[in-house]
1. Do you know which of the residues in the stretch 156-197 that are of a type in the set (Gly, Ala, Ser) and over 16 Å from the mean Cα position of the chain (by Cα) is modelled with the highest pLDDT?
2. In the stretch 105-133, what residues are under 21 Å from residue 41 (Cβ atoms), within 14 Å of ligand 2 (Cβ to nearest atom), open to solvent by less than 20 Å² (accessible area, probe 1.4 Å) and not in a helix (DSSP H, G or I)?
3. Could you look through the stretch 95-104, keep only residues that are β-branched (Val, Ile, Thr) and in a loop (DSSP other than H, G, I, E, B), and pick out the one that is nearest to ligand 1 (Cβ to nearest atom)?
4. So, of the residues in the stretch 105-121 that are away from ligand 1 (no atom under 12 Å from the Cβ) and free of Cβ contacts under 8 Å to residues at least 40 places away in the same chain, which turns out to be farthest from residue 173 (Cα to Cα)?
5. Name every residue in the stretch 137-168 that is hydroxyl-bearing (Ser, Thr, Tyr) and either open to solvent by less than 80 Å² (accessible area, probe 1.4 Å) or within 16 Å of ligand 2 (Cβ to nearest atom) (or both), in order of residue number.
6. Restricting attention to helices (runs of 4 or more DSSP H) lying wholly within the stretch 1-94, give those where 3 or more residues are loosely packed, with under 14 Cβ neighbours inside 10 Å, without any contact (Cβ under 8 Å) to a residue 12 or more places away in the chain and out of contact with any Asp or Glu (no Cβ under 7 Å at 6 or more places or on another chain).
7. For the stretch 169-187, does any single residue satisfy the condition of being farther than 19 Å from residue 32 by Cβ, of a type in the set (Lys, Arg) and open to solvent by 80 Å² or more (accessible area, probe 1.4 Å)?
8. Which residue is most open to solvent (accessible area, probe 1.4 Å), if the candidates are limited to the stretch 95-104 and must be farther than 16 Å from residue 68 by Cβ and not hydrophobic (A, V, I, L, M, F, W, C)?
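The values are calculated or read from the model by the stated rules, or taken from the named source; none is laboratory data. Keep in mind it's a predicted model, so treat the numbers as computed, not measured. When we count neighbours, we look across all protein chains shown, and the Cβ atoms used for this are built from the backbone with ideal geometry, even at glycine. These area figures cover heavy atoms from the full protein model, side chains too; ligands, DNA and RNA do not enter into them. Shrake-Rupley method; radii C 1.70, N 1.55, O 1.52, S 1.80 Å.
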Amino acid sequence: MDRVKLVQAVEEQLTRSRFEHTKRVIATALTLAKRFGADQEQAELAALLHDYCKCWPEERLREVIVTGDDFTQDLLQYNKELWHAPVGAHIVKQDLGVVDKEVLDAICYHTSGRPHMTLLDKVIFVADYMEPARRFPGVEEVRLLAETDLDRALLKSLDNTLLFLIQRGMTVYPLTLSARNFMVDQVHQSKPKEESL
Ligand code: DGI
Ligand code: FE
Ligand code: FE
């Protein structure tokens, strides 16, 4: 499917405001991809498709998870906000013919994160978190970190999301916690900035 058709397909799936969010994620992902050396075509495609199933009703998302054979069923025990990401990856592969595994993974893990995130995963996760219309508490710090350090920006976004969930008494999907623990180790293993002269 060519790019124009893909954009049309996305626009049909989303509300107007969700489509506007998607366009801002594309722009932010392209900026981050250029800055940190990720593939720009993959970043643009993953950003375009990342929320493909965001506007689907809960029951439709649940149905795909229950009937598909490539889903961890434990997803159903956690917040339904998580579901659109793996379902989206599955559906864009099935309905739009997207075959790039790296793009599909970036879509699949854009909400939960995962340990060993690829450069593309990180670009999409952080772009989604910090696109210009986001007003999350702490988003300014993420934007600042993302000027120079994608890993620290990612860790901060994960920390902020976990704090948000915990403050509201919500459950935390174990993969998000693993993603955060992995990034703590990764960031601490890299040389602290002030020492790297
Ligand atoms: O789809 P978007 O609104 O653009 O953003 P998203 O895909 O990151 O997320 C949806 C929300 O899911 C996120 O703001 C917080 C919520 N959420 C609920 N449970 C969890 C969770 N997010 C993560 N990372 N982990 C959870 O366990
Ligand atoms: Fe999303
Ligand atoms: Fe999004």
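1. 169
2. Correct list: 110, 131.
3. 98
4. 118
5. Once the filter is applied, which keeps residues that are hydroxyl-bearing (Ser, Thr, Tyr) and either open to solvent by less than 80 Å² (accessible area, probe 1.4 Å) or within 16 Å of ligand 2 (Cβ to nearest atom) (or both), the stretch 137-168 yields 157, 161.
6. Where helices (runs of 4 or more DSSP H) fall fully within the stretch 1-94 and carry at least 3 residues being loosely packed, with under 14 Cβ neighbours inside 10 Å, without any contact (Cβ under 8 Å) to a residue 12 or more places away in the chain and out of contact with any Asp or Glu (no Cβ under 7 Å at 6 or more places or on another chain), they are 3-13, 16-36, 58-67.
7. No, because not a single residue in the stretch 169-187 is farther than 19 Å from residue 32 by Cβ, of a type in the set (Lys, Arg) and open to solvent by 80 Å² or more (accessible area, probe 1.4 Å).
8. 101
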